[in-house]
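Here is the structure we will look at, set down as structure tokens.
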Amino acid sequence: MTGTPNQIEWAEQIKVSVTAEFDRVASALNTVARRQTGRDLLDTNTAIEILEQIRNVVMARDEAGYFIRDWQDLSGQVRDMIALDPRHKAMRAARRKPETYL
């Protein structure tokens, strides 16, 4: 990790919290998925895939300043990142379209 020794130590502590938050959201989504079928299950599985991709990108960052600056306050940040993902937006938009029957 890059930064001063103090920044690196601080960032490493923050990363533990970030990992725990990703785990918490993943656990919640998996709990919901176990009770679902059909389109709901597909959408939840898509959200889980998005979550894991975001986790990989975030945790691959090696700048201490990134974690100090962007991840000290975890209130809803992971959930917000999923919601802002273009795939999630498309999924939600498709849900709002009325069903057409022939």
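Values in this text are rule-based calculations from the coordinates and carry no lab data. Here the structure is a predicted model, which is why all the values come from computation and not from measurement. With ideal geometry, Cβ positions are generated from the backbone for all residues, glycine too; neighbour counts draw on all protein chains shown.
Some values worked out for this structure:
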item	result
The lone exception for ILE68 - which of (1) loosely packed, with under 14 Cβ neighbours inside 10 Å; (2) in contact (Cβ under 8 Å) with a residue 60 or more places away in the chain it fails	(1)
Residue count for the stretch 75-94, restricted to those that are assigned to a loop (DSSP other than H, G, I, E, B) and either in contact with a Cys (Cβ under 8 Å, 6 or more places away or on another chain) or surrounded by fewer than 16 Cβ atoms within 10 Å (Cβ to Cβ) (or both)	2
Residue count for the stretch 25-37, restricted to those that are in a helix (DSSP H, G or I) and without any contact (Cβ under 8 Å) to a residue 12 or more places away in the chain	3
